[in-house]
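One structure below.
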Amino acid sequence: MGKEVTLSGWVQKSRDLGGMTFVDVRDRYGITQLVFNMEQNTPLCEEARKLGREFVIQATGIVVERSSKNSARPTGEIEIEVSELKILNPSKVPPFTIEENTDGGDDLRMKFRYLDLRRLSLQNNIVFRSKLALETRNYLDSHGFVEIETPFLIKSTPEGARDFIVPSRLNRGEFYALPQSPQTFKQILMVAGMDKYFQIVKCFRDEDLRADRQPEFTQIDCEMSFVHIEDILQTFEGLTKHLFSRLLRVNLPEFPRMTYDEAMRRYGSDKPDLRFGMELQDFNHLAKGSGFVVFDQAEWIGAICVKGIAETYSNKDLKELTDWVQRPQIGARGLVYIKLQSDGSVRSTIGKFFNDDTLMYWGKSIGAEKGDILLILAGEKDKTIKQMGELRLEMARRLELVKEGDFKPLWVLDFPLLEWDEETGRFHAMHHPFTSPRKEDIPKLTSTDKEVLKSIRADAYDLVINGAEIGGGSIRIHDRQLQSRNFDLLGFSEKEAVDQFGFLLGAFEYGAPPHGGIAFGFDRLCAVMNGYSSIRDFIAFPKNNQGRDMMIDAPSQISPEQLKELGIKNVD
Ligand code: ASP
């Protein structure tokens with residue numbers, strides 16, 4: 001107080017109370033109240049009255065204590081008695097309010113992203129992102145990693161998506177692909193002896209845009225030589241702990257580890273959210289063969305036990321939940337519930353097929369008590385397990401079981417190497433084609449039996465936090481023969497493999513060290529650390545759900561001259 005200060009910023013709002021005019025000025029550091037006194041300085045006060053929202057101003061004055069304080073604001077105890085005001089630039093009336101609860105819809109805010117970015121929460125998010133990148137660099141640098149840039153104009157890298165392609169003017173009829181990740185380059189860097197590499201890097205994937213996917217996103221991409229899984233898990237568990245401690249002052253305990261099979265069995269997901277229980281229970285041994293046709297015909301019957309809601313969860317709630325599981329995105333045929341009421345009676349969709357004692361016994365066998373509801377799904381095993389996993393997450397959302405600021409990281413290990421794709425009738429790499437099988441499973445690679453091939457485990461791991469996949473990686477194949485066999489299993493002919501990845505196979509013939517790595521989804525990490533569900537809120541200029549940049553209006557058509565220059569003729 002008592003100091004003369006100069007503040008520059010944007011007019012958040014102004015209130016004219018006759019004798020006094022109050023103006024809130026906003027900059028990157030917050031909002032401060034300016035006060036203009038009609039009696040003390042009439043011309044200045046009149047000038048202040050003309051200020052519209054988002055005018056850019058500079059005000060000089062003395063900091064004084066406020067008579068009516070605003071405890072909701074960090075600067076709420078003071079105001080500036082202005083003696084000098086400059087309008088640096090006027091502004092049109094913005095199309096939406098620049099406030100936390102803005103009245104602007106998504107598309108409008110995307111179009112005027114520079115206005116949306118003026119909101120303090122978005123500014124904080126972007127600053128957080130910058131600090132997270134800095135701390136990542138600090139940690140990795142102190143562990144001997146070198147940041148190395150890899151090219152954007154490359155040849156396809158298979159990460160399971162389509163490539164964005166870029167026509168080459170100098171090589172007519174030929175195309176570059178934008179990297180889906182720097183995967184092959186980082187492996188080549190290991191062959192080149194760079195030993196510990198990282199890069200905070202853009203990746204490009206032309207995917208059908210599901211909610212919260214971006215065609216370009218950022219990874220913390222890493223690779224190390226002469227390592228085993230354990231070295232990688234330790235190093236990157238360390239990085240994660242460092243980031244949480246530095247940015248959030250949260251000290252994470254040692255990360256639990258779980259195999260892929262266990263995660264699927266207990267949570268119906270390979271990225272389980274451990275912030276709440278409600279684990280999947282196998283109901284087969286109880287309900288199969290009980291004479292109820294839906295159960296008898298199902299390959300698998302599973303249940304979750306939802307604690308303490310038998311009395312409060314209404315039939316209407318259950319009806320809504322049934323509709324929810326039957327939505328095509330989930331695809332269950334129906335939902336069976338068993339309410340174990342506190343008075344010992346039972347209410348159930350299958351009440352007419354089974355007596356209360358049986359249902360109560362079933363419930364107790366899987367650990368339910370009076371007051372709980374069992375939710376049961378039945379059908380084909382793999383599908384039903386996933387549906388059950390979705391239902392578990394949905395119940396947690398509906399019952400608001402998640403505490404703010406709770407972080408539950410874990411490693412998921414032992415992923416299958418291959419995934420059978422019914423549509424194409426062939427195997428895909430579950431992680432990517434450079435992932436090494438576990439040593440003890442290597443002999444299985446020569447099998448022609450689909451089931452044996454499906455059972456091959458990979459030296460692959462995911463870092464999961466709060467049900468989101470934050471990172472994924474693997475120990476790589478560094479042996480030319482094994483890599484060829486893997487390409488073969490994935491349906492690449494020898495020629496295709498050499499055409500696409502000859503450079504890597506070639507490099508493997510010149511002393512490739514054993515190596516492995518991981519990539520973190522940087523945008524997702526920002527979002528999860530801040531309890532946001534959308535990565536868009538941490539990307540300065542994101543694309544919308546159709547992959548459009550609404551602000552610059554891209555993608556857009558190019559001129560016939562440009563097309564001609566590129567040698568591209570027919571574009572529909
Ligand atoms: N390139 C992989 C990915 O983008 C990560 C890795 O295996 O290191 O998921």
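Just so you know, all these numbers are worked out from the coordinates, no wet-lab data involved. Just so you know, these numbers come straight off a predicted model, no measurement behind them. As a convention, Cβ positions derive from the backbone with ideal geometry for all residues, glycine included, and neighbour counts pool all protein chains shown.
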Burial ranking of peptide ranges 389-395, 85-91 (average Cβ count within 10 Å, highest at the top): 389-395, 85-91
Over the chain: helical MRE at 222 nm, DSSP H runs n ≥ 4 each giving -39500 (n - 2.57), nearest 500: -9000 deg cm²/dmol
Pair Arg397, Asn37: separation of 7 Å Cα→Cβ label points (nm): 5.5 nm
Cβ crowding within 10 Å averaged over residues, with 427-438, 375-386, 108-119, 60-71 ranked highest first: 427-438, 375-386, 108-119, 60-71
J(HN,Hα) series, the range 22-33, from Karplus relation 6.51 cos²θ - 1.76 cosθ + 1.60, nearest Hz, glycine and proline x: 10, 10, 8, 10, 10, 9, 5, 9, x, 10, 10, 8
Listed peptides 554-561, 195-202, 206-213 by packing density, highest first (mean Cβ within 10 Å): 195-202, 206-213, 554-561
Residue-span extension gain [Ile309 to Glu451] - 0.36 nm each, minus C-alpha spacing: 46.9 nm
Sparsely packed trypsin sites (Lys or Arg not before Pro) within the range 248-289, loop by DSSP, other Cβ within 10 Å at most 13: Arg249
The chain: relative contact order as a whole-number percent, Cα under 8 Å and 6+ apart: 13 percent
Exceeding the 22 Å Cα-Cα cut-off - candidates Lys13/Lys86; Lys271/Lys381; Lys383/Lys454; Lys288/Lys381; Lys13/Lys50: none
Length-normalised contact order for the range 39-182 - Cα pairs under 8 Å, 6+ apart - percent: 14 percent
Label-point gap, in nm, between Lys202 and His143 - each point 7 angstrom along Cα→Cβ: 2.7 nm
All lysines inside 21 Å of Lys131 as judged from Cα atoms, apart from same-chain residues fewer than 8 positions distant: Lys202, Lys241
Residue-span extension gain [Glu509 to Glu423] - 0.36 nm each, minus C-alpha spacing: 27.4 nm
Contact order normalised by residue count of the range 1-116, Cα under 8 Å, 6+ apart, percent: 25 percent
